[in-house]
1. Listed highest first by mean packing, meaning other Cβ atoms within 10 Å per residue, what order do 216-227, 82-93, 4-15 come in?
2. Could you compute the FRET efficiency for residue 109 and residue 196, with r as their C-beta to C-beta distance and R0 at 35 Å, rounded to 0.05?
3. Would you work out the relative contact order for segment 141-199, in percent, from Cα pairs under 8 angstrom that are 6 or more residues apart?
4. Pairwise over distinct Cα atoms, reciprocal of the mean inverse distance: report the Kirkwood radius of the chain in Å, one decimal place.
5. Could you work out the relative contact order of the chain? I mean the mean sequence separation of Cα pairs under 8 Å and 6+ apart, divided by the number of residues, in percent.
6. Highest mean first, how do 254-261, 140-147 rank when packing is the count of other Cβ atoms within 10 Å averaged over residues?
7. Can you give the extra length, in nm with one decimal, that the chain gains between residue 13 and residue 304 once fully stretched, where that is 0.36 nm per residue apart less the Cα-Cα distance?
8. Roughly what would the spin-label model give for residue 203 and residue 268, points 7 Å off Cα along C-beta, in nm?
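Every read-out reported here was derived from the displayed coordinates using simple, explicitly stated rules and does not represent laboratory data. Everything quoted here is computed from the prediction, not taken from an experiment. Quick reminder, even Gly has a Cβ in these numbers, built from the backbone with ideal geometry, and neighbours come from all protein chains shown.
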């Protein structure tokens, strides 16, 4: 069976990617997981300079999910290249570096710096974090902003460019199309949903930032729908994510149209999930006589359902 997939010029040995923000910089999990067996690792988001993020409390458990407002705390791009990248190269990891910017120029400069760094295989442009007040989602909530960021980054890098899209818009497929028109090699979606939790005893928000991003199984059906819509709109690969906790969940995204998937919140529950996902996908392929995982991408059959809906 062939589990390999292609994202632009990047070829992954399998479609399983550790999601940005939930896997640190990858090296933190090296004692538990052989990083070379993952399709790729999407790094924790990087700004040019180190960033402290929001003060605690900044994580809240919710029914079937998690609410976070970390605020994109990070070590900055220069420390990542000096301290994390050498170890990731030694461990044989495929690295998709997530970059964040408060301005268009910051995205461009990050892309320039990382394009010259050995061991960076693609750039994921974070234009969708819902819990910071500057930059990022300001670009990702409009077609023009998305187009401007993607096209500017494409001009300064040879690496595959993958904008990470926000679900906090009316029509995510139109944002995906703007990214494709700007030259994106793929799109990844969805980032977290803007949400809020209140302590009714104190009548105060549970997060210091008041609002945060909702992830986990609670968002999965919405994320699957958005992946399906984007797959019907764009020709570039779609990387799906949102509440994946089993091989069945991953396959649902792939059948909906995702070429690859990212797994995030589930890592906090089970850091050894990766071998289980691979085994489950391989078992499914054996049972259904599928030789190439690529043949499952976008294979959902909606013809009968559409006819039933029209006739009713």
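1. Result, highest mean Cβ count within 10 Å first: 216-227, 4-15, 82-93.
2. Values: r = 34 Å, r/R0 = 0.96.
For residue 109 and residue 196, the calculated efficiency is 0.55.
3. Relative contact order for segment 141-199 comes out at 42 percent.
4. 19.5 Å
5. 19 percent
6. Answer by packing, highest mean first, reads 254-261, 140-147.
7. Residue separation times 0.36 nm, minus the Cα-Cα distance, leaves 101.3 nm.
8. Distance between label points: 2.9 nm.
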